[in-house]
Amino acid sequence: MIIVSACLLGINCRWNGQSSLEKKLFAYLPDLLPVCPEQLGGLATPRDPAQITGGNGFDVLAGKAGVKAAFEDVTKEFINGAQIVLRIAGLYNIKKAILKEGSPSCGVHQIYRDKSIIAGMGVTAAILRQEGLIVMSVEDLD
């Protein structure tokens, strides 16, 4: 099995209530387990867009950076969601994840900050990589 960002399979769980459907992932069904770390962490959909401040996902996990949505600190929810995804991976002995690029949770190579794309990894991608999973973005499949 492979963990996949739920929005990539057409589930409307992104911050704006939309999905980011990637039909090319259908070739991997039924081996995909969809997860949305932000929902698992307790955030509603739709929700204010969030961004990592002061670093990247590894920095958030180390307590050196945070995640903000509008004027609200949602660091705890992002860390909780990442930890739940990691537990799910462990329960199913999953060793690979395909995640949504750009997301403060799932970004593998890039995250958004101040309406710009910067190099960096999201919180969930970072915890999975830290624990030895193969973490890739859907763009890596091209």
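For segment 113-123, 3J(HN,Hα) computed residue by residue from phi via the Karplus equation (6.51, -1.76, 1.60; θ = phi - 60°) reads 8, 6, 6, 10, 9, 10, 5, x, 10, x, 5 Hz, glycine and proline entered as x. Our coupling estimate for segment 27-43, obtained by passing each phi through the Karplus curve with A = 6.51, B = -1.76, C = 1.60 and θ = phi - 60°, is 5, 9, 5, x, 8, 9, 10, x, 9, 10, x, 5, 5, 4, x, x, 8 Hz, Gly and Pro reported as x.
Hull volume per residue, based on the alpha-carbon atoms of segment 29-85 and their convex hull, is 96 Å³.
Of all DSSP beta bridges located in the chain, what percent are antiparallel, nearest 5? Intermediate values should be presented prior to the final figure.
Working: 10 of 21 bridges.
Around 50 percent antiparallel, to the nearest 5.
Listed values for segment 75-86 are Karplus-derived 3J(HN,Hα) couplings in whole Hz (6.51 cos²θ - 1.76 cosθ + 1.60, θ = phi - 60°), namely 4, 4, 5, 5, 5, 4, x, 5, 5, 5, 4, 4, and x replaces Gly and Pro.
Just to confirm a number: summing +1 for Lys and Arg and -1 for Asp and Glu over residues other than residue 54 whose beta-carbon lies under 11 angstrom from that of residue 54, what do you get? Provide the component values of the computation, followed by the final result.
Numbers: positive: 64, 68, 113; negative: 59.
Computed value for this residue: +2.
Each principal axis of the Cα cloud of the chain was taken in turn, and the coordinate range along them, longest first, works out to 39, 29, 27 Å. Unpaired cysteine residues in the chain (no second Cys Cβ under 4.7 Å): 7, 106.
Summing charges over neighbours of residue 139, with a neighbour being any other residue whose Cβ is under 11 Å away from its Cβ, gives -2 when K and R count +1 and D and E count -1. Based on the Cβ-Cβ distance of residue 70 and residue 95, what FRET efficiency does E = 1/(1 + (r/R0)^6) give at R0 = 41 Å, to the nearest 0.05? Using R0 = 41 Å, I get an efficiency of 0.70. Mind telling me which of 18, 110, 83 comes out most flexible in a GNM of the chain, alpha-carbon contacts under 10 Å? The residue with the greatest mean-square fluctuation here is 18.
Rounded to the nearest 500, what is the 222 nm mean residue ellipticity of the chain from helices alone, with -39500 (n - 2.57) per DSSP H run of 4+ residues and division by all residues? Mind showing how you got there, number by number?
On the way: 4 runs with 34 residues, N = 142.
Dividing the helical sum by the residues of the chain leaves -6500 deg cm²/dmol.
Of 53, 75, the residue with the largest accessible area leads and the full order is 53, 75 (1.4 Å probe). The apolar share of the surface of the chain, taken as the fraction of accessible area on carbon and sulfur atoms (1.4 Å probe, ligands and nucleic acids excluded), comes to 52 percent. Residue ranking by accessible heavy-atom surface, 1.4 Å probe, largest first, among 99, 141 comes out as 141, 99.
Show 38, 72 ordered by accessible area, largest first, where the area counts protein heavy atoms only and the probe is 1.4 Å.
On the way: 38 20, 72 95 Å².
Result of the area sort, largest leading: 72, 38.
The values are calculated or read from the model by the stated rules, or taken from the named source; none is laboratory data. Keep in mind it's a predicted model, so treat the numbers as computed, not measured. Positions of Cβ are backbone-derived with ideal geometry, glycine not excepted, and every protein chain shown enters the neighbour counts. Just the protein is used for accessible areas: all its heavy atoms, side chains included, with ligands, DNA and RNA removed. Shrake-Rupley method; radii C 1.70, N 1.55, O 1.52, S 1.80 Å.
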